Amino acid sequence: MSKHTSVAGFSAATAAAVVVANMIGTGVFTSLGFQLMSLQSGFALIALWVVGGLTALCGALTYAELGAALPRSGGEYNFLSQVYHPAAGFTSGWVSFTVGFAAPVALAAITFGTYLASIFPGLAATPLAVGLVLALTVIHANSRRHSGGVQRSFTVLKIALIVLFCAAAALSLETAQPVSFWPTAAAREEVFSAAFAVSLIYVNYAYTGWNAATYLTSELANPQRDLPRILAFGTAVVALLYVALNVTFLLVAPAEAMVGKVEVGYIAAQSVFGPVGATIMGTVLALLLISTVSAMTLAGPRVLQVVGEDFPLFRALAKTNADGLPARAVYVQSGLALAFILTGSFESILIFAGFTLGLNSFMAVAGAFVLRWRQPERPRPYRIPLYPLPPLIYLGLTGWTMVYLLQAQTREALLGLAIVVLGLGVYAVAQRFRPAPAVEEERA
């Protein structure tokens with residue numbers, strides 16, 4: 001048996017739950033307020049979520065081919081190591097370690113705390129965020145049965161409650177807000193504006209997580225069969241929920257009340273259900289974020305685990321407990337998430353993480369072209385439909401947003417690039433600790 005194969009793995013249902021739960025979280029419950037600061041038309045705002053869903057689906061289809069052709073846990077770390085060079089893979093794993101999961105965990109936990117603190121003024125957002133991270137760290141570092149069970153339960157609850165919220169709001173709404181979803185000339189101009197491109201980074205961040213199942217590839221019973229279905233299904237379901245949720249927010253709440261606010265879900269609930277209903281729905285929306293933090297606490301440490309398997313300097317991170325879980329990696333990731341919670345601002349973390357993760361996935365999607373060119377004979381149990389259109393769409397839209405983000409949010413974008421450069425430096429140090437078997441055999 002390969003060292004990368006797990007005896008007791010996760011089911012396809014759990015992996016699909018991880019995808020959905022990773023995606024539905026901080027972004028969709030917070031980013032509309034930031035988008036309203038520069039976009040006014042309902043058509044442009046909903047177009048953001050449609051374009052973001054298309055981008056994520058194209059990325060998911062591309063990752064499905066890569067994951068089926070290169071079936072090992074680790075996500076971009078695995079892909080970039082095999083497609084480009086181990087240095088590229090290590091740097092990608094470094095990004096996943098420092099930003100890819102720890103920062104989103106922090107953002108989701110901060111949002112959880114902010115929602116509850118808005119509803120119950122006696123509570124403080126930061127201690128709530130810290131407590132949530134600590135509780136889920138204990139769960140996911142100790143038992144696979146509890147880990148997978150918690151994930152599936154919270155994800156089913158999350159989908160059901162979002163559908164219930166949209167339906168209840170539609171039935172309870174007496175007068176809709178004066179927002180138009182018609183593609184007028186002014187609305188079309190907004191879609192092709194710099195403001196739309198910058199806002200798309202928030203939306204792309206909200207869709208981040210469509211690739212989550214690739215971090216668990218080695219723990220799926222039949223990854224080449226299940227991975228494409230998991231990625232495509234999870235992404236499509238989330239895209240439909242996102243469009244429905246944002247249409248609901250715009251119809252029930254005044255735009256001026258949501259501008260620049262994090263807790264847009266609570267504001268929307270207050271507008272349509274009143275104070276008591278808002279308290280109930282706001283609490284429910286906060287509880288939904290538990291699933292998001294849970295999913296990222298489950299998936300992220302698998303990247304650290306495979307890095308530890310390949311680099312002796314990080315060997316301690318590959319160690320698993322009696323239940324086969326990378327407990328040390330879970331603790332390390334959660335520790336970094338706590339550092340983000342205690343030191344960073346919400347918007348800065350979001351933009352910084354969005355840019356850096358966009359760069360990471362950009363390189364992975366481009367790798368589909370490189371792998372087909374370098375290894376055309378490699379078995380591909382799944383091939384991208386309509387190739388090369390999906391990866392080209394993903395690269396075009398993601399590249400467009402990153403260019404505009406470099407111009408509009410230069411400090412955060414440069415910080416993301418600095419993380420990448422630092423990762424290359426750490427790789428050079430890690431290489432010094434790796435054995436050179438060929439040299440040793442020659443001497444012998």
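None of the figures in this text is laboratory data; all of them are computed from the coordinates on show. What you are looking at is a predicted structure, and each value in this text was computed from that prediction instead of being measured. So basically every Cβ, Gly included, is an ideal-geometry build from the backbone, and we count neighbours across all protein chains shown.
Remarks
- For W94, W400, the sequence from fewest to most other C-beta atoms within 10 Å is W400, W94.
- Dipole orientation for the chain: of the candidates P388, M281, I349, P388 has the Cα lying most toward the positive pole (charges on Cβ; Lys, Arg +1; Asp, Glu -1).
- Taking packing as the residue-averaged number of other Cβ atoms within 10 angstrom, the listed peptides 77-87, 348-358 run from highest to lowest as 348-358, 77-87.
- For segment 12-430: span of alpha carbons on each principal axis (Å, largest first): 60, 47, 40
- Relative exposure of F362, F273, judged by other C-beta atoms within 10 Å (fewest first): F362, F273
- Most tightly packed first, judged by the mean number of other beta-carbon atoms within 10 Å of their residues, the peptides 115-123, 131-139 read 131-139, 115-123.
- Computed over segment 12-430, relative contact order equals 36 percent, with contacts defined as Cα pairs under 8 Å that lie 6+ residues apart.
- Cβ-to-Cβ counts within 10 Å put M363, M296 in ascending order as M363, M296, the fewest first.
- In nm, spacing of pseudo-spin labels at L414 and F362 (7 Å Cα→C-beta vector): 1.7 nm
- Theoretical gain in end-to-end length, L157 to R188 [0.36 nm per residue, Cα-Cα removed]: 7.5 nm
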